[in-house]
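Heads up, the thing below is written out as structure tokens.
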Amino acid sequence: MSVAFTFETLARGDVIPFSLTITAEEIAGYLSATGEDPARWRDAVPPLLLAAFMVGGLLARVPIPLEVMHTGQEIEARRAVRPGEPLDVRITVAALSQRRGATIAQFEAEAFSGEESVFVSRISVLAPPPVEAGQG
Amino acid sequence: MSAPAVTPVTRVIDQARVDAYAQYGKDPNPIHRETPEAYAGPFGKPVAHGMLVLALASEAMAGAFGRAWAEGGTLKIRWRSPAFPPVRVTARCTPKSAVDGLLTYDVVCEDEAGEALLTGTATVRP
């Protein structure tokens, strides 16, 4: 996969698009990892799995420095997503600011099935100030 | 209509669960695993994925509301403290309000000492 963005050069308004289809096997693997009973998720994708895969899609396309912390998360399910349903995801850099040397970024990720918006995830991260030479 | 009680979810998050989540949750960041990067990183040792901790709160809401949670649930949280495996995490969703059919819950995931790992709110319209 080619990388078109870096965390350091992101700008407000940048859009990171990708396609996403979540299979029944991926749901089973995810639920085995979280420990949740899979019985209730035979015909729908768990909302937090969708949010996690959107974060995963972001991480796969924007190399995030190890010290960047995931500080906040919002999810908004607009309808249940079916296993195997093809989605188009658009992740937008919604906000980017500096505070006391730290970088605070907010990403808004929206999943579409055709023209229908089915899920929104908002991801907040914080990159601590760079460590000066001689520190740390 | 008042917001019904939601049964808490408690689970041990150990390194094996974190490793499995790294694979199946599509977050292979080495700070979550037994790697040199984790020990040289911001926490000095492996830290559980925040999304893995949050998954317990989503599980609690799904357990109470079933498909309605997938049809229109919302979560808004901030992480408060890192979770270092092994840690016994409990997700609690406490009724806050019920207005025009929209149920709102205070959400907290805490460790065995009662320290909040994340806090926030959840809503659902059953």
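Worth pointing out:
- Each of B:ALA68, B:GLY101, A:LEU66 was placed along the dipole of the protein assembly as shown (beta-carbon charges, centred on the mean Cα), and the one lying farthest toward the positive end is B:GLY101.
- Trypsin sites (Lys or Arg not before Pro), loop per DSSP, at most 13 other Cβ atoms within 10 Å - longest free stretch of chain A: A:43-99
- Considering the stretch A:1-69 at the alpha-carbon level, its Rg and Dmax are found to be 14.8, 43 Å.
- Backbone HN-Hα couplings from phi across the stretch A:109-115 [Karplus 6.51/-1.76/1.60, Hz, Gly and Pro as x]: 10, 10, 9, 10, 10, x, 8
- Chains A and B together, accessible area buried on both sides, 1.4 angstrom probe, square angstrom: 2900 Å²
- For the stretch A:64-136, the Kirkwood radius over C-alpha pairs fed into Stokes-Einstein at 20 °C and 1.002 mPa s yields D = 151 µm² per second.
- Using θ = phi - 60° and Karplus 6.51 cos²θ - 1.76 cosθ + 1.60, couplings along the stretch A:45-52 (whole Hz; Gly, Pro as x): 7, x, x, 6, 5, 4, 4, 5
- Backbone amide hydrogens, once placed in the peptide plane, bring A:VAL81 within less than 5 Å of A:VAL45, excluding anything fewer than 5 places away on its chain.
- Cα centre as origin, Lys/Arg/Asp/Glu Cβ charges: the protein assembly as shown dipole, Debye: 400 debye
- Look at the alpha carbon pairs under 8 Å that are at least 6 residues apart: their mean separation over the length of the stretch B:1-74 gives a relative contact order of 31 percent.
- Residue among B:PRO82, B:PRO36, B:PRO95 with the largest mean-square fluctuation in a Gaussian network model of chain B, springs linking Cα atoms under 10 Å: B:PRO36
- In chain A, helical runs assigned H by DSSP with n ≥ 4 each contribute -39500 (n - 2.57); averaged across all residues and rounded to the nearest 500, the mean residue ellipticity at 222 nm is -6000 deg cm²/dmol.
- Surface per residue (accessible, 1.4 Å probe) for chain B, Å²: 44 Å²
- Amide H to amide H, with H built 1.01 Å from N, B:VAL9 comes under 5 Å of B:ALA91, counting only residues 5 or more places away or on other chains.
- Each principal axis of the Cα cloud of the stretch A:15-106 was taken in turn, and the coordinate range along them, longest first, works out to 47, 27, 23 Å.
- Per-residue [θ]222 nm for chain B (sum of -39500 (n - 2.57) over DSSP H runs n ≥ 4, rounded to 500): -8500 deg cm²/dmol
- 5 angstrom amide H check on B:ARG80, placed H, neighbours 5+ away: B:LEU118, B:THR119
- Exposed-site-free run, longest, chain A (rule: GluC sites (Glu not before Pro); DSSP loop; at most 15 other C-beta within 10 Å): A:1-66
- Summed over all non-identical Cα pairs, the Kirkwood treatment of the stretch B:1-99 gives a radius of 14.8 Å.
- Of the residues B:ARG17, A:ARG82, B:ARG67, ranked by 1.4 Å probe accessible area with the largest first, the sequence reads A:ARG82, B:ARG67, B:ARG17.
- Counting Cβ atoms of other protein chains within 10 Å of each residue's Cβ and taking the mean over peptide A:21-32 gives 2.
- Point-to-point label distance, B:ARG125-B:GLU112, nm (Cα→Cβ direction, 7 Å offset): 4.2 nm
- Relative contact order [Cα under 8 Å, 6+ residues apart], the stretch A:1-113, whole percent: 39 percent
- Each residue of the stretch A:20-29 is assigned a 3J(HN,Hα), and the resulting list reads 8, 10, 9, 8, 4, 5, 5, 5, 4, x Hz, derived from the Karplus form 6.51 cos²θ - 1.76 cosθ + 1.60 (θ = phi - 60°), x at Gly and Pro.
- Angle in degrees between helix B:50-65 and the longest Cα principal axis of chain B, rounded to the nearest 10: 30 degrees
- Each 10 Å bin from 0 upward holds the following percent of the Cα-Cα pairs of the stretch B:1-47: 25, 36, 19, 14, 6, 1.
- 10 Å binning of all Cα-Cα separations within the protein assembly as shown, expressed as whole percents from 0 upward: 7, 30, 38, 21, 4, 0, 0
The values are calculated or read from the model by the stated rules, or taken from the named source; none is laboratory data. Every value quoted in this text rests on a predicted model; they were computed, and no experiment measured them. Cβ: placed from backbone, ideal geometry, glycine included. Neighbour counts: every protein chain shown. Heavy atoms of the whole protein, side chains included, go into the accessibility calculation; ligands, DNA and RNA do not. Shrake-Rupley method; radii C 1.70, N 1.55, O 1.52, S 1.80 Å.
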